[in-house]
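Visitor: Shown below is the structure under consideration.
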Amino acid sequence: MNPATLMPDLRPHIAQCKFYNCSHMHEPGCGVQAAVAAEAPPTGIQPSRYRIYRTLFEELSQPRY
Ligand SMILES: [Zn+2]
């Protein structure tokens, strides 16, 4: 599961992503990264929120023991 689905301010932008399985980290055509570039709600995402997303994504990507 991608943590962006748990963040209400990121979730609307996922629909704009070019790839269904987009990680919103480095893909071209990513709606989330485009919104971060716009910086402020409602059309953008605050950079601090995107940093939280990246932290969550990296933690969830760790191997499970
Ligand atoms: Zn994306």
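Visitor: Just want to confirm a number: the relative contact order over the chain, from Cα pairs under 8 angstrom separated by 6+ residues, in percent.
Guide: Here the relative contact order equals 25 percent.
Visitor: Additional query: Using Cα atoms only, what is the angle between the long axis of helix 47-60 and the major principal axis of the chain, expressed in degrees (0 to 90) to the nearest 10?
Guide: 20
Visitor: What distance in nm separates the simple spin-label points at Thr43 and His26, each placed 7 Å from Cα in the Cβ direction?
Guide: Placing both labels 7 Å beyond Cα along the Cβ direction yields 3.0 nm.
Visitor: With +1 on each Lys and Arg Cβ and -1 on each Asp and Glu Cβ, how big is the dipole of the stretch 3-60 about its Cα centre, in debye rounded to the nearest 20?
Guide: Dipole size: approximately 60 debye.
Visitor: For the chain, state which trypsin sites (Lys or Arg not before Pro) are in a DSSP loop and have at most 11 other beta carbons lying within 10 Å of their beta carbon.
Guide: Lys18, Arg64
Computed from the coordinates by the stated procedures, all read-outs in this text should not be read as laboratory data. Since we're looking at a predicted model, the values are computed, not measured. Every residue, glycine as well, gets a Cβ built from its backbone with ideal geometry; the counts of neighbours run over all protein chains shown.
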